[in-house]
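Heads up: the structure comes next, in structure tokens.
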Amino acid sequence: MSGKSQKSLDFESAMLELEKIVTDMEAGKLSLADALSVYKRGAELLAYCRGRLEDAQQQVSVLENGVLREFSANGETASGVASDAR
């Protein structure tokens, strides 16, 4: 990726940059070479954002499938079995 490296880029920054690219391209004021260059950057940002969203979705799935449970006041789960709350 040009400009920022993927390691220093966060999801929110990538989305802001992607939105700016879309706005610039929609304005129609870019030369063909510039349009191709920003399109390539946009494709990279899109792939990065999709990857972060997939990672977040995976983490939520893991949490929903066993870690997150309702607890009663005495520390037991709704089923009556104590949970390993790490």
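The values are calculated or read from the model by the stated rules, or taken from the named source; none is laboratory data. From a predicted model like this one, the values you see are computed outputs, not experimental measurements. Note that each Cβ is placed from the backbone with ideal geometry, even for glycine, and that neighbours are counted across all protein chains shown.
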Report task. Show the residue pairs that are 6+ apart or on different chains and have beta-carbon atoms under 8 Å apart, the first residue being within region 30-49 and acidic (Asp, Glu), the second being surrounded by 14 or more Cβ atoms within 10 Å (Cβ to Cβ) and not in a helix (DSSP H, G or I). Result -> GLU44/MET1
Requested in this report: Hey, could you check region 11-47 for residues that are exposed (fewer than 11 other Cβ atoms within 10 Å of the Cβ) and not aliphatic (A, V, I, L, M) and say which is modelled with the lowest pLDDT?
Outcome: LYS29
